[in-house]
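Structure first, commentary second.
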Amino acid sequence: MTYQSMTDEQLISLRGSLMRQYEIYASDGVKLDMARGKPEKSQLDISEGMLSAIAENGDCMSDDVDCRNYGGLDGLDCAKRFFGEVFDLNPDSIIIGGNSSLNMMYDTIARAFSFGFCDSERPWSKEPKVKFLCPSPGYDRHFAICELFGIEMITVDMQKDGPDMDKIKRLAETDSAIKGVWCVPKYSNPTGVVYSDDTVRAFASLNPAAPDFRIFWDNAYAIHDFDKNIKILNILDECEKSGRPNMPLVFASTSKVTYPGSGVALMAGSAENVAQIKKLLAIQTIGPDKMNQLRHVLFFKDRAGVAAHMKKHAEILAPKFNAVTDMFEKELSGTGTASWTTPKGGYFISFDSLCGCAKEIYELAVGAGLTVTKAGDTYPYGKDPNNSNIRIAPSFPPIEQLRAAVERFILCVKLASIDKILGERK
Ligand SMILES: Cc1ncc(COP(=O)(O)O)c(C=O)c1O
């Protein structure tokens, strides 16, 4: 029965019993966290062998390079070959960075503001206005970078197979102030959407008004499948074919493969992009952490080693995602109060309440001891036009704690929905 079809009396009575339970939750002191996409401890433990990989190897050499020493600006050759195989990238197109791909994205924007790209007319800081297209719901930290640099963000709706490409094409091809777009092409944060081949080709065939328009292709979840390995088209190849090789910049990392905080991050692009970035990087650093690159290569050995490892992650993560969506299905399906995504990989579930309820759900959840991603955070400037989207991150709590957290969350959804429906009837 939908809540909308219930009488006022039925809703008030239901609200009373839900509220009694809420008050117990609000006062029991239990604290549960499902805010950020952090791996659980057991996921970190499966990379333990990496800690001894170098000691077992006997030395710190790779292709005659002593990894303990300075140098190797864009990464070890063996690491470029290895990550090229894992992420389907030409080793020559790769620059290996530190531990964070987000850091590389930030640096890329910062370089664009200070120096411009190889095809820029001037540094972005000298442009009267810089705008970015932001498929949403999306990743709050992408939006935070834009906000910090004063980049005007334009929200573009996410659809089942990627962003609204008609809107992206119309805007990017007519407004030369639009300099870029954020993309999480596989298991998008937070919707779990996987870009279709048509979407990837539509990106590659863009003819933007800005000569230095860049697609920030943040492939953070490239190999994070639960079951079937899904392959998306390679944006670098597609843009090469369409004659715009400089348009895409690919980012990835092993943050959610080995250790967030001690993984290896990389970016990839055209020969011209890579040459310009390396020239600037040479002033910024003498080289990244090659020992970390080496231990990753030694630990995994090859693509098959990574695939076997990702299967272990999936065995921990998939039951958690199923637990959340099963509970939503059981408690909220048919109530007319919510919808949610059921991703087949990645780290997030996107939850949509009735329009206008997300902030109240968030406030109620905080009051019930839950840490959840703030309502609005999945949209530019923290402004969800429908006030309905909340990102659920099931990975961090052990499964029993996750179930307890989702139980509380569902209660909050029910309470906020009843308040909204009764409020509209007044
Ligand atoms: C889409 C996306 N990109 C990047 C990151 C962060 O990546 P890294 O740890 O490599 O900085 C995350 C982390 O949640 C993410 O969801």
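Which percent of the Cα-Cα distances in the stretch 12-74 go past 15 Å?
Roughly 75 percent, rounded to a whole number.
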* Asked: Taking other Cβ within 10 Å of each residue's Cβ, how do Thr325, Thr285, Thr191, Thr199 sort, fewest first?
  -> Thr285, Thr325, Thr199, Thr191
* Per residue of the chain, what 222 nm ellipticity follows from adding -39500 (n - 2.57) for every DSSP H run with n ≥ 4, rounded to the nearest 500? -> -13500 deg cm²/dmol
* To do: Using the Kirkwood radius over Cα pairs, work out the Stokes-Einstein diffusion coefficient for the stretch 59-302 at 25 °C and 0.890 mPa s, in µm²/s as a whole number.
  => 134 µm²/s
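Could you line up Ile12, Ile399, Ile24 from fewest to most neighbouring Cβ atoms inside 10 Å?
Details: Ile12 12, Ile399 15, Ile24 9.
Final ranking by Cβ density, sparse to dense: Ile24, Ile12, Ile399.
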* **D (Stokes-Einstein, µm²/s), Kirkwood Cα radius, the chain, 1.306 mPa s at 10 °C** => 69 µm²/s
* To do: Two decimals is fine: what's Rg over Rh for the stretch 220-331, C-alpha atoms, Kirkwood radius as Rh?
  => 1.06
* For the stretch 46-83 and the stretch 327-367, what is the separation of their C-alpha centers, rounded to whole Å? -> 44 Å
* **Protection proxy ranking, peptides 27-36, 267-276, 389-398, average beta carbon neighbours within 10 Å, highest first** => 389-398, 267-276, 27-36
* Structure fact -> Too long for a 29 Å Cα-Cα cut-off, among Lys160/Lys330; Lys256/Lys374; Lys31/Lys414; Lys131/Lys311, are Lys131/Lys311
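Based on the mean of other beta carbon atoms within 10 Å per residue, what is the order of 48-57, 254-263, most packed first?
Working: 48-57: 13.6, 254-263: 20.3.
In descending order of packing, they fall as 254-263, 48-57.
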* By per-residue mean of other Cβ atoms within 10 Å, what is the highest-first order of 144-150, 234-240, 295-301? -> 295-301, 234-240, 144-150
* Structure fact -> The local net charge around Trp124, scoring Lys/Arg +1 and Asp/Glu -1 for residues other than Trp124 whose Cβ lies under 11 Å from its Cβ, equals +4
* Structure fact -> Amide H contacts under 5 Å for Ser100, restricted to residues at least 5 apart in sequence or on another chain and with H modeled in the peptide plane, are Ala265
* Angle between the Cα long axis of helix 399-425 and the longest principal axis of the chain, 0 to 90 degrees, nearest 10? -> 60 degrees
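Excluding Leu370 itself, calculate the net charge of residues whose Cβ lies under 14 Å from the Cβ of Leu370, where each Lys or Arg counts +1 and each Asp or Glu counts -1.
Numbers: positive: Lys31, Arg36, Lys374, Arg391, Arg403, Arg408; negative: Asp28, Asp33, Glu360, Glu363, Glu407.
In short, +1.
Could you work out the relative contact order of the chain, using alpha carbon pairs under 8 angstrom and six or more residues apart, expressed as a whole percent?
Details: 789 pairs, mean separation 110.6, N = 426.
For the chain, the relative contact order is 26 percent.
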* Asked: If you project the alpha carbons of the stretch 127-216 onto the principal axes, what extent comes out on each, in Å, largest first?
  -> 35, 27, 16
* Folded to 0 to 90 degrees: helix 77-87 orientation relative to the chain principal axis, Cα -> 40 degrees
* **Residue order, fewest to most beta carbons within 10 Å, for Trp182, Trp340** => Trp340, Trp182
* Asked: Nearest 10 degrees, 0 to 90: what angle lies between the long axis of helix 140-149 and the longest principal axis of the chain (Cα atoms)?
  -> 60 degrees
* Long-range amide H contacts for Thr341: which residues qualify at under 5 Å (H placed 1.01 Å from N, peptide plane, sequence gap of 5 or more or a different chain)? -> Ser350
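Values quoted throughout were computed directly from the atomic coordinates according to the rules given, and no laboratory measurement underlies them. Note that this is a predicted model, so its numbers are computed, not measured. Note that we place each Cβ from the backbone using ideal geometry, even for glycine, and neighbour counts take in every protein chain shown.
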